[in-house]
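Enquirer: Here it is: the structure, laid out below.
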Amino acid sequence: MDLAEYRRAAREWLDANVAIEDPHEFMAKLYDAGYSGITWPAAWGGQGLTQAEEAAFAEVARDYTLPLQRFSIGLGMCGPTVVDRGDDEQRRRWIRPLLRGEEIWCQLFSEPGAGSDVASLQTRAVRDGEGWVVNGQKVWTTNAQYADWGLLLARTNVDAPKHKGLTMFAVNMRHPGVTVRPLRDMTGRAHFNEIFFDDVPIPDTDRIGAVDDGWSVAVTTLLHERLSISAGVGMGGSKGNPTTVEALRERLDTTDPYVRDRLVELHLRTQALHLFNQRLAQETKAGIFPGARGSAAKLLLAELTMFQADLATSLVGPEAALGDTPLAFTFSWAPAMALGGGTNEIMRGIVGDRVLGLPPEPRVDKTVPFKELKVGTQT
Amino acid sequence: MDLAEYRRAAREWLDANVAIEDPHEFMAKLYDAGYSGITWPAAWGGQGLTQAEEAAFAEVARDYTLPLQRFSIGLGMCGPTVVDRGDDEQRRRWIRPLLRGEEIWCQLFSEPGAGSDVASLQTRAVRDGEGWVVNGQKVWTTNAQYADWGLLLARTNVDAPKHKGLTMFAVNMRHPGVTVRPLRDMTGRAHFNEIFFDDVPIPDTDRIGAVDDGWSVAVTTLLHERLSISAGVGMGGSKGNPTTVEALRERLDTTDPYVRDRLVELHLRTQALHLFNQRLAQETKAGIFPGARGSAAKLLLAELTMFQADLATSLVGPEAALGDTPLAFTFSWAPAMALGGGTNEIMRGIVGDRVLGLPPEPRVDKTVPFKELKVGTQT
Amino acid sequence: MNLLLNEEQQQLRAAVRGFLAAHSRPREGYSPEVYARLNGELGLSGLIVPEEYGGAGAGYAELAVVMEETGAALLPGPFLATVFATVALTRIGDKELLTRLAEGRVVTVAEGELSGDGASVSGELAQVLGGMEAETIVVRAGAAMYAVELTGPGVSRSPLETLDLTRGQARIVLDAAPARELGPARAALGIGDRLAVVLAAEQLGVMRAALDAIVAYAKIRAAFGRLVGSFQAVKHKLAEMHCKVEQAESIVRYAAWAADEAPGELPMAAALAQAYVGRACYEVAADHLLLHGGIGFTWEHDAHLYVKRAKADEVLLGPPREHRARIAELLEL
Amino acid sequence: MNLLLNEEQQQLRAAVRGFLAAHSRPREGYSPEVYARLNGELGLSGLIVPEEYGGAGAGYAELAVVMEETGAALLPGPFLATVFATVALTRIGDKELLTRLAEGRVVTVAEGELSGDGASVSGELAQVLGGMEAETIVVRAGAAMYAVELTGPGVSRSPLETLDLTRGQARIVLDAAPARELGPARAALGIGDRLAVVLAAEQLGVMRAALDAIVAYAKIRAAFGRLVGSFQAVKHKLAEMHCKVEQAESIVRYAAWAADEAPGELPMAAALAQAYVGRACYEVAADHLLLHGGIGFTWEHDAHLYVKRAKADEVLLGPPREHRARIAELLEL
C-alpha cells in the first residue's frame, strides 16, 4: 500500500470514528483498525510497519481531536520501554492490552526529593522472599488516577552509588497499598498526582531489566519521553491558546505601534521554533536521529511558553488580573513546560554536553554510596 | 574647616590650575596644595583627612577635566596596597613620590594564561642570593609605558597550591630586562601593554608582604580596584558618548515609535543603574561599606555598555557600518568593561557568593600543587 | 536626593515586618482583626494623613517602607486599595474621609466612565480593587471628584475572580447613587503619579521576598549531591535577580523622595518606577518560581502567589506600555 | 517545504568549505587570485546565472549553502556585493552583465537618490558595498534600472573607513556618468527580498563559525583548574547560542526554499530571515567574543572580526526595525 493510499484510508477511518467519545471504546477500535502501535513489533501485538506509516498517520490525525490523553504515557514511554527492555513474557502480557487501551500505564520516577536529579530517588524496594515490597512516595504522575500499571523506578541498594542501586518494576496500581492523591498545581486544578506506596508487593516477574540496573532502563524511558515531546505529542497545539499572535490580534489595538512590534517579536520567536521543529521532523523522516538536539527544541518551547504568557498578560493590561479566564489559566499553566520533562537548566546542560561536546562538570555524586549522599531538602 | 569652605577652596584652586597641561607639573601642584592623598596617612605624605573631604573634592573635581589618567593605577591600587601592606621603609620610599606624580606605577597581575583566574599565573620569581630574579609575561597593563614601578605578583613556589605560592613585589620598570610592548585591542588602538620580563632582578627589600603570601596582598589590591571602579574612577562618564539617550535623540528620528520606545528602554536602564550608583555612594558617605555589592554595579555597567553600543548601532543603521567614527570607536571599546576588572561571570559569582551567601562551587584547584594544575590553554 | 532610610524609617520597617511575619496569612484572605491591629498598634491607616485629621502626617518615604513590607508579606485584603484612597484624599484634602481613613475604615478609589450631577453618580466600574470590602469609593465623574457610600442605595457590586488570590476586585454599577462632591478633578493633583510610587514600593517588597525565598531554598535543597545554590547557572541567575532588586530599591527610594521633596521630578520618577520596578518584579517572581523546580508549581507552595501578585500589580495601573509612553513624553522625545 | 540539504548541496558545501579553509585570509583583504579560483574551480560566480548566459542555473538553496561558507570564513572583498548584483541582474534579466558576472567580473548594486536620462545617471551614493573593487554598478534612477561602468567618465569614488575590516565600501558620485538602461524598476522584481535571504545565509555562516570557535576554545582553555567549557555558566550560554543557530538555520533554509519554490511566501520569509537571523548573528558573535575573555578583545584575535561583520551585516539593508515593520505589514496587523 503506498503512503497516499495509507493516508487516505486513515482519514476515512478517522472520519468514521472520531465521534466515539468513550476513550476505551475508541482505543479498542483504533487498535483493531491497525492504527495503534504502528511501528511496534507484530510479534507482541504491534503492526510492524515503518516510521513512514507512523508519520503519515500522525500527520492525518493532527486534524482530529482524539480521546487518547489517558493512554499517552503508556504509548509514549512505558510501552516502548517494555518492548526495548522487558522479557518476552512481559511483552506478551502487557503490550497488546496497552495498545488496545485495556490497560492504562503511568510512569513513577519523580519524587519530592528527586526532580531534576531523578537518580537520587528514595523510594525503596526491598527483597521479600521471591518478590519485593515497595515503600515511598512519587509525584508529578500523569494519568495515575486511571492507571492499572505503573512503571516504577525504586532504590534496591543504598550501599551502591546512586545510579547503581536502582531497579525498574511494573507495579499494580490497583493494590490497596497504593494511594493516588490528586496534586493541585498553580492553576488551581489537579493535572498530576502524588502516589504513596505502603508495603506494596511486586512479584519478581514484574521486574524489568536486571536488579540494580534500573537506571539504564530509565534512560530508555526518558529517551522515549523526549522523543514523544519533540514529536509534538502533548504539546497541545495552539488552538484556543489566548497568547498566540492570532488570538492577541483579535483582542488588542493593533494600530498601537508598540503592540504591533511586540506581536512581531512573538511571531518571530514562534516561527523560528516552528521551523526548527519542522526541520527536526524532516530530518527524522529522512532517517537522521535528532538525539539531544531535541532538548534544544524542548528548551525553546519552554522559554517561548513563558514569554508569550507574560507578553499576552502585559499587553492585555488590567483585564489580565481577572481569574477564571482562558488567559489566567494559560498564564498559570505556563511554567509546566519549563518544569516537566527536565528543567531549562537540565536541557541546557544536555545541549552543552551532548550536542556541543563540552567537558563535563566535576561530579561529587557519581561514586559515593547513596546512603552518604546529600539528597533532597536539607533540614 | 567646614566642608562647604573646603569645597569652595577646592573649586578656587581647580579654577586656577586646570589649565596646566603637563601631567607631572599638575600633579606636583595638586600635591603641594593638599589634594593628592587626601585620606592617606600624614606620616607617609598623605593629608590624613577623612572620606568626607575626599568625597567633597571628588564631587567638585567632576566638573573639570584633569590630566590624572597616568597616575590613576598608582593612586587607586598600588599606593593603597603599599599603605596597607608595605613596611614603613617602603611607605617612606614610595608614597610621597607617588602622590606627587614623581613616580608612576602600574599593576602587573594578569597574564595570557591567567585572566579571570589570576591566581594561576605563571611568571616566576626565583631566589638569587639576597634577592630575586623574574621571568615571564604580563598583559592588559594600563600605563606601563609611563611607569617607574610595577606592582608585580609572581610565583615563588610551584609545589604549593596555586594561592599559596605567590609573592608580591615592586619591580623597577626601567630595568633593561623589562620590555613594554603596546597591545592593540579591538578598537585598533593600544590602550594597554604587554610586559616581558627577562632575568629582571628585584632586591628583597622590594618584596611587599611575606614570601608566598602574595595572594592576600593581591586581594587588598583588587579590593581597592573595585572600590575605585565603583567610585566612578575611570568610568569615563557619558560626555561625548554617542550611545546615550542624549546623543541618540539628536541623531535619530524620534517621531518613529519604535525608536522612541528603544530610547525609553535605554533611559530606564541608565537611570536604574545611575540611581543604584547614587545609593551606593550615599551609603559609603554614611559609613556603610558596599563591599561585594559594588560588583553588582560593575556588572550592570558592563551589561549596559554592551547594550547601548548594540542599540545605538542598530538604531543608526547603515551609517553604523562606517569605521573611524565616534560610534565605531564606542562600539569597539564596549567589551572592555565586561572583560577588565573581572568578567561578568566572575562578578555574578562574587554577588552570589558574597552578597547572597550561596554555597561555593566544588573546587578542583585549591589544594593541588600548582605544578600539577591545569593552567591556561591546553594544547 | 536621599536614597537611604533614616533610623526612624528603619524602626518602622522592623515593626511592620515583625507584625506581618506573625500575622499576615496570604491564603486566608482579608482579616478585619489583623487590619485593626495594623492600624491600631502600628498606626498604618493614618500614616500619611495630616496630623490635623488624626493622622501621623508622614511622607511617601515612610509609606514606601510600609508598602515594601506589606508587599513582601503578601498581606491579603484591601490594604493597597485603602492606601490608594488615602493618597487621593490627601491630594484632594477631604477632612471627613481622611478622618475616617485615619480611624481605619476601608475606602477605595477607581477609574471609569461615570456621570455625576453634584449629588449622585451613575455608571459602571469594571474592576475595583477592594471593591467588596470598601465602605466608600472615591471616583471621578465629569469634572469633579465624588465620594460614594457603597453600602447605600443605587449601588450594586459583585465580586470578581482574580488571578491574585490574595486581593479581591469587584464590578460596581452605580445607578444614581447618592454622592458627595469632593472638589474639582484636576490633573495637577498628581494622584496617578503617587499611586505609581506606592505600587512600586509594594512591588519592591514582592520581588525582594521572592528573591529571599529562593535564595534560602537554594541553600538547603540538594541535587546531584550538591546544594543547588552552588550550581553556577543557579547562582548567576540569582545574582542577576539581586541586581534587579538593588536597582528597583534605588528607584523606589528616589521616587518616594521626589513625592516628598521634589514634585518637579515626580512625574518622571513615578513613570520610571512603574516601568522599571513593575517589570523587574514580575521577572524576579517568575524566575523565583522556576528555580524552585516542581515544588514551586504546586498550589500548596507560596511561589505562585508571588508570581500572580507580581503580574496583577504590573497591569494594575494600565498596560505597562502606558508608563513607557509617558516616559517618552516626559523626555520630550 | 524542504529544510534539508540534498547530497549535491552537501558536496557543494564541502568543496567551498575546503577551498576557503585553505585560501580565505580575512585580514589580507580582497585577493583577485582567490576570487579567480573561487569562480574558476568552484564556479561560484555563475552559480545562479541561468545556463543560457554561461552560468550553472542553480537556485537560492545552493546559493545559501555557498553564502554560509563565505560568511563562516569571513571571505574578504566584494563577494557579497557581486552576489547582490547577480541577484538583481537575474531578476532584471540582463544578458550582457550576467554573462560578464558568470565570467567572474566584480559588479555591485546600490540605492540612492539618482536621476537618469536614459543614457546617463547623476547623483550620490553614500555607501556602496565593494564600490572600490567593482567595475560596474547597477542602480535605480527614476523609474529605470541602469548599469554604470565605474572606470568610465563622470564617476568619482572614494574609499570609506569601515567597521568591518574585511569588506570595503566607497562613496560614489556620478556626474552625468554614461549609463546603459537595463529596463523598468519594478517592485515586483522582488530584488530586496532575495538580497535579504542571501544576506541571512551569510549571517548564518558567521554565527555558526563564531559558535564553533568559542566551543573549541572552551574545550582547551582552563581556569580554576578546569576547562572553561565545564563551567555551567559558560556551558549554558553556549547551549543558548546553539539554539539560536539551529533556529537561524531553519529560517535560512525556509527562506531559500521560498525564493526557489514559493514566491508567495518569500516576502514574509525574507523579512523573518533578516529580523531573526540578523539579530541572532550579532548576539552570538558578541557573546562569543566575551566568552573568550581578554584574548578575544585583542586585535590579533579574530573574534572582533566576527563581531564587526555581524554588526555591519545587521545594518546593511537598513536599520533592523525596518524588517520588523515589514513583518507587521505582511501580517496585516
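Values quoted throughout were computed directly from the atomic coordinates according to the rules given, and no laboratory measurement underlies them. Source: prediction; values computed, not measured. We place every Cβ from the backbone using ideal geometry, glycine too, and count neighbours over all the protein chains shown.
Enquirer: The range D:225-333: percent of C-alpha pairs farther apart than 25 Å?
Expert: Values: 1944 of 5886 pairs.
Roughly 33 percent, rounded to a whole number.
Enquirer: Same structure, new question: Quick check: the distance between the Cα centres of the range B:111-155 and the range D:229-301, to the nearest angstrom?
Expert: Each part reduced to its Cα centre gives a spacing of 39 Å.
Enquirer: Under 10 Å from the Cβ of residue B:177, count the other residues' Cβ atoms, weight Lys and Arg +1, Asp and Glu -1, and hand me the total. If you can, show how the numbers build up before the last one.
Expert: Details: positive: none; negative: B:198, B:199.
Around residue B:177, the charge tally is -2.
Enquirer: Let me ask another. Evaluated at 4 °C with a viscosity of 1.567 mPa s, what Stokes-Einstein diffusion coefficient in µm²/s does the range D:1-84 have when Rh comes from the Kirkwood expression over alpha-carbon pairs? Mind showing how you got there, number by number?
Expert: Numbers: Rh = 13.1 Å.
Roughly 99 µm²/s, to the nearest whole number.
Enquirer: If we sort D:118-126, C:233-241 on the protection proxy, mean other Cβ atoms within 10 Å, highest first, what's the order? Present the calculation step by step, with values, prior to reporting the outcome.
Expert: On the way: D:118-126: 17.2, C:233-241: 23.4.
Descending packing order for the listed peptides: C:233-241, D:118-126.
Enquirer: If one computes P(r) from the Cα atoms of the range A:268-369, what percent of pairs lie at distances over 16 Å? Mind dumping the intermediate values first?
Expert: Details: 3484 of 5151 pairs.
Here the tail beyond 16 Å accounts for 68 percent of pairs.
Enquirer: Compute the helix-to-body angle for D:60-72: its Cα long axis versus the longest principal axis of chain D, expressed 0 to 90° and rounded to tens.
Expert: Once rounded, one gets 60 degrees.
Enquirer: Where Rh is the Kirkwood radius over the Cα pairs of chain B, the temperature 10 °C and the viscosity 1.306 mPa s, what D in µm²/s does Stokes-Einstein return? List each step's numbers first, then the result.
Expert: Details: Rh = 22.5 Å.
Estimated diffusion coefficient is 70 µm²/s.
Enquirer: Quick one: Debye curve from the alpha-carbon atoms of the range D:89-171 only, equal weights, vacuum; give me log10 I(q)/I(0) at q = 0.15, 0.24 Å⁻¹ to two decimals.
Expert: Those come out to -0.54, -1.27, one per q.
Enquirer: Counting partner chain Cβ atoms within 10 Å of every residue's Cβ in A:359-367, what's the average? Don't skip to the end; give the middle numbers.
Expert: Details: counts 11, 5, 12, 7, 4, 5, 5, 2, 1.
Per-residue shielding by partner chains comes out at 6.
Enquirer: Projected onto the charge dipole of the range B:20-76 (+1 at Lys/Arg Cβ, -1 at Asp/Glu Cβ, origin at the Cα centre), which of B:30, B:73, B:58 gives the Cα projection farthest towards the positive end?
Expert: B:73
Enquirer: Computed from the mean reciprocal separation of all distinct C-alpha pairs, what Kirkwood hydrodynamic radius does the range D:56-212 have, in Å?
Expert: Averaging 1/r across every pair of different Cα atoms and inverting gives 15.9 Å.
Enquirer: List the pair-distance distribution P(r) of the range B:1-57, using every Cα-Cα distance, as the percent of pairs falling in each 10 Å bin from 0 up to the bin containing the longest distance, rounded to whole percents.
Expert: 23, 53, 24, 0
Enquirer: Can you tell me the convex hull volume per residue for the range A:136-260, based on C-alpha atoms, in Å³ to the nearest whole number?
Expert: Working: hull volume 20.9 nm³, N = 125.
Once divided by residue count, the hull of the range A:136-260 is 167 Å³.
Enquirer: Further question on the same structure: Can you tell me the FRET efficiency between residue B:368 and residue A:374 if r is taken as the Cβ-Cβ distance and R0 is 22 Å, rounded to the nearest 0.05? Spell out each step's value before the answer.
Expert: Numbers: r = 24 Å, r/R0 = 1.08.
FRET efficiency, residue B:368 to residue A:374: 0.40.
Enquirer: Please report the base-10 log of the normalised intensity I(q)/I(0) for the range C:179-268, using a Debye sum with one equal scatterer per alpha carbon and no solvent, at each q in 0.14, 0.16, 0.21 (1/Å).
Expert: The Debye formula, applied to the Cα set alone, gives -0.65, -0.74, -0.97.
Enquirer: Using only the alpha carbons of the protein assembly as shown, what is the convex hull's orientation-averaged projected area in square nanometres?
Expert: Average projection, Cα convex hull of the protein assembly as shown: 60.5 nm².
Enquirer: Within a Cβ distance under 10 Å of residue B:37, other residues only, what is the Lys/Arg minus Asp/Glu net charge? Before the final figure, lay out each step's value.
Expert: On the way: positive: B:96, B:100; negative: B:54.
Result for the neighbourhood of residue B:37: +1.
Enquirer: Gaussian network model of chain B, Cα springs within a sub-10 Å range: biggest mean-square fluctuation belongs to which of B:17, B:143, B:172?
Expert: B:17
Enquirer: Please state the Cα pair-distance histogram of the range A:21-157 with 5 angstrom bins from zero: what percent is in each bin?
Expert: 2, 10, 17, 20, 19, 14, 10, 7, 3, 1, 0
Enquirer: Write down the radius of gyration of the range B:330-369 and its Dmax, each obtained from C-alpha positions, in Å.
Expert: Looking at the range B:330-369, its Cα Rg and Dmax stand at 14.1, 43 Å.
Enquirer: Starting from the Cα of residue A:190, step 7 Å along the direction of its Cβ; do the same at residue A:32; then give the gap between the two resulting points in nm.
Expert: Inter-label distance under the simple model: 3.4 nm.
Enquirer: A further question on this structure: Highest mean first, what order results for D:23-34, C:285-296 on Cβ atoms within 10 Å? Could the numbers behind the result be given before it?
Expert: Numbers: D:23-34: 14.8, C:285-296: 23.7.
Order by mean packing, descending: C:285-296, D:23-34.
Enquirer: On a 0 to 90 degree scale, rounded to 10, what angle separates helix D:79-92 from the longest Cα axis of chain D?
Expert: Helix D:79-92 sits at roughly 50 degrees to that axis.
Enquirer: Among A:196, A:40, B:210, pick out the residue whose Cα is farthest towards the positive end of the charge dipole of the protein assembly as shown, where Lys and Arg carry +1 and Asp and Glu carry -1 on C-beta, about the Cα centre.
Expert: Most positive-ward Cα: B:210.
Enquirer: Now for a different question. What are the semi-axes of the equivalent ellipsoid for chain D, taken as the square roots of 5 times the Cα gyration tensor eigenvalues, largest first, in whole Å?
Expert: 34, 21, 19
Enquirer: Say each of residue D:122 and residue B:51 gets a label point 7 Å from the Cα, pointing the same way as Cα to Cβ; how far apart are those two points in nm?
Expert: That separation, rounded to one decimal, is 7.0 nm.
Enquirer: Quick check: the angle from helix A:214-230's long axis to the longest principal axis of chain A, C-alpha only, nearest 10 degrees?
Expert: 10
Enquirer: Can you list the lysines whose alpha carbon sits under 19 Å from that of residue D:244, skipping same-chain ones fewer than 8 residues off?
Expert: Qualifying lysines at Cα under 19 Å: A:298, D:235, D:308, D:311.
Enquirer: Assuming R0 = 41 Å, can you tell me the calculated FRET efficiency for the pair residue C:322 and residue A:283, based on Cβ-Cβ distance, to the nearest 0.05?
Expert: In this case the efficiency is close to 0.35.
Enquirer: Once you list every other residue whose beta carbon is under 12 Å from the beta carbon of residue A:83, what net charge do they have if Lys and Arg are +1 and Asp and Glu are -1? Please list the in-between numbers first.
Expert: Numbers: positive: A:85, A:91, A:92, A:96; negative: A:84, A:87, A:88.
Summing Lys and Arg as +1 and Asp and Glu as -1 gives +1.
Enquirer: Still on this structure, please answer the following. Once you have a ≥ b ≥ c as the square roots of the Cα gyration tensor eigenvalues for the range A:243-327, tell me rounded if a/c is under 1.5, and otherwise prolate or oblate according to whether a/b is larger than b/c.
Expert: Details: a/c = 3.30, a/b = 2.19, b/c = 1.51.
Prolate is the answer for the range A:243-327, as a/c is 1.5 or above and a/b outweighs b/c.
Enquirer: Taking 2.2 N^0.38 Å as the expected size of a compact globular protein, what ratio does the Cα radius of gyration of the range B:311-379 give against it, to two decimals? It would help to have the intermediate numbers written out before the result.
Expert: On the way: Rg = 19.5 Å, N = 69, 2.2 N^0.38 = 11.0 Å.
Normalised Rg, Cα atoms only: 1.78.
Enquirer: How well do other chains shield peptide C:316-326, expressed as the mean number of their Cβ atoms within 10 Å of each residue Cβ?
Expert: Details: counts 3, 2, 2, 13, 5, 10, 2, 2, 7, 6, 1.
Rounded to a whole number, the mean comes out at 5.
Enquirer: Assuming a viscosity of 0.692 mPa s and a temperature of 37 °C, what translational diffusion coefficient in µm² per second does Stokes-Einstein assign to the range D:138-238, Rh being the Kirkwood radius over Cα pairs? Don't skip to the answer; put the middle values down first.
Expert: Working: Rh = 18.3 Å.
The estimated diffusion coefficient comes to 180 µm²/s.
Enquirer: Determine which lysines satisfy two conditions relative to residue A:371: a Cα distance under 16 Å, and not lying fewer than 8 residues away in the same chain.
Expert: Filter leaves A:162, A:164.
Enquirer: Fully extended, how many nm does the chain gain between residue A:253 and residue A:87 (0.36 nm per residue separation, minus their Cα-Cα distance)? Intermediate values should be presented prior to the final figure.
Expert: Details: separation 166, 0.36 × 166 = 59.76 nm, distance 6.07 nm.
Stretched fully, the residue A:253-residue A:87 segment lengthens by 53.7 nm.
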